[in-house]
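The values are calculated or read from the model by the stated rules, or taken from the named source; none is laboratory data. Since we're looking at a predicted model, the values are computed, not measured. So basically every Cβ, Gly included, is an ideal-geometry build from the backbone, and we count neighbours across all protein chains shown. Accessible surface is based on the protein model in full, side chains and every heavy atom, while ligands, DNA and RNA are left aside. Shrake-Rupley method; radii C 1.70, N 1.55, O 1.52, S 1.80 Å.
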Amino acid sequence: MIAVSKMVQNGLLVLLVGVSMVVAEHTKPFLCVTQMQINSTEAALKSALFCGTSYNPRYRPVKYQQDRLAMYIGAEVINVERVQKDDSKVEITLELLMQWYDAFLHWNKRTSNNIETINVSEHNLWTPTFAAKSFHKSPRVQSTKQCSRIKCHLSYDGEVIYTVLCTFVVDCYSEARYWAFETKICTLRIYSVEYDTNQLSLFHFQRRLSYPSYPLLPYKITSFQMATVNSTMSPEFRMDIVIERLIGSHLVVFLALIVAFSLMNLFSLWLRMDSNARSVTIAVGSVMQSLYLIILYWYGAVKMKPVLALAHLLLGTYLFGAVAFGWTYYARTQIRNRAGARCPPAVAQLIGLLRKSRPLRSFLSIGYLNESAKQGKLSNEWEDAQVDTEETQRRDEDAQAADTHSSSDGECVRVEWQEVVQPIDRVLFCAMLTAYLIMFAVYAF
């Protein structure tokens, strides 16, 4: 009979061990065994803590029941996802971290082979159970019993570090603070249904008062505030989470404005060099692109990273606009300046080479859109003093003398700036248009 009884006990022990191995996610619950079956110092320590005492994991770990248990709690957001078919709800995955001191589970590490921390199962010691509920109009109550990846560490001085991974469905409401983004504010209450504030007090766990800096697609967390409330009947841990998502239609609007600025830069090259319309177009376009560039880079750095690609695209557009601005300023200065009235021979030769082709000559000879308009008065910053009569006559005589001489290949050596401004505008237009097409193709693909 004794042998049969031992065989039954051993069979039950093997069965319990096999069942505990099935739950691989949790730490195995410690099973009380005889001293002969203990084969390590840690097992002997667990046996002394959980089997050699009258410890009951169902009661709060305080020496006197009227004592209040102080618990530190914190959270870290792991992921945020939308709930299908309900835009007002999101699924928030949190890693909850709790810390408290167990008045009964401590040991002398000197007599325990210097063991300071052991991993234990949540079934062997007291662990809290909280309920979770949205602060905004939701009657649904969720529980931390559904959480997974439970880890529990016990230190020699009785400190317990308890972490769980929980996913809660939270009701949110929208707030239109930033036009280009969908902003949602989600408030979650985690509170105790078993204990009141006289039995359990919650405090901030400062090490987990944070949220990840990496983007959580499709949302990004812009604000994460936590607070503990112990003035109510049940101790509460509240979280206010503000999340944002870039809306595709707004992204198209951003892109449309960049295209509009690109067309403005190209359009300015079809206006007369000495007209006020060209001056106003280039000046207004440069100022607007500068402001918009600052806004986009701020959005990309602070709000949403996808905007950075648009900011880089706008930067290229702004640089091409700066090229058009610089060319306009330089050409108008050369035209108004007597000493530099003639363009370099290399530019004249290049224009002459392009004009040898009939299609290119036809394209380069296309006039400006405001060709028939009267020449406007230049702005003060681009206008030089008028040329006196004697200097004008001397320049005309020099030009006539230079026009009588030709280079060996039959091309004119000196050409007035007025003659090459229009062809250079057409060449610059083609170069900028090609660069814009390449930029937008790279962004699209």
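Details
- Filter result (farther than 26 Å from PRO57 by Cβ, basic (Lys, Arg) and not in a loop (DSSP other than H, G, I, E, B)) within the stretch 85-119: LYS89, ARG110
- Within the stretch 350-371, tally of residues that are in contact with a Ser or Thr (Cβ under 9 Å, 6 or more places away or on another chain) and either free of Cβ contacts under 8 Å to residues at least 24 places away in the same chain or open to solvent by 80 Å² or more (accessible area, probe 1.4 Å) (or both): 1
- Output for the stretch 77-111, where each listed residue is of a type outside the set (Val, Ile, Thr) and modelled with pLDDT under 85: ASN79, GLU81, ARG82, GLN84, LYS85, ASP86, ASP87, SER88, LYS89
- Take the conditions (1) modelled with pLDDT of 90 or more; (2) closer than 24 Å to GLU236 by Cβ; (3) of a type in the set (D, E, K, R); GLU175 misses just one of them, which is (1).
- Some residue of the stretch 126-139 being at pLDDT below 85 and among the hydrophobic types (A, V, I, L, M, F, W, C): yes
- The set of residues from the stretch 340-355 being modelled with pLDDT of 80 or more and of a type in the set (D, E, K, R) comprises just one member, ARG355.
- Test: residue in the stretch 157-175 that is out of contact with any Ser or Thr (no Cβ under 9 Å at 6 or more places or on another chain), closer than 21 Å to CYS51 by Cα and assigned to a loop (DSSP other than H, G, I, E, B): yes
- Residues satisfying the stated conditions in the stretch 311-335, i.e. under 20 Å from ILE424 (Cα atoms) and open to solvent by less than 40 Å² (accessible area, probe 1.4 Å): THR317, GLY321, ALA324, GLY326, TRP327, THR328, ALA331, ARG332, GLN334
- Residues that are over 18 Å from ARG426 (Cβ atoms) and part of a loop (DSSP other than H, G, I, E, B), drawn from the stretch 263-310: MET304, LYS305
- Residue, farthest from GLU159 (Cα to Cα), within the stretch 47-95, restricted to residues that are open to solvent by less than 60 Å² (accessible area, probe 1.4 Å) and of a type in the set (Ser, Thr, Tyr): SER88
- Those residues of the stretch 186-221 which are modelled with pLDDT of 70 or more and either part of a loop (DSSP other than H, G, I, E, B) or open to solvent by 40 Å² or more (accessible area, probe 1.4 Å) (or both), in sequence order: ARG189, VAL193, GLU194, TYR195, ASP196, THR197, ASN198, GLN199, PHE203, HIS204
- Among the residues of the stretch 389-412, none qualifies, meaning not one is at pLDDT 85 or above, of a type in the set (Val, Ile, Thr), outside any helix (DSSP H, G or I) and open to solvent by 60 Å² or more (accessible area, probe 1.4 Å).
- Only one of the numbered conditions (1) within 14 Å of SER88 (Cβ to Cβ); (2) modelled with pLDDT of 85 or more; (3) open to solvent by 10 Å² or more (accessible area, probe 1.4 Å) is violated by VAL170, and that is (3).
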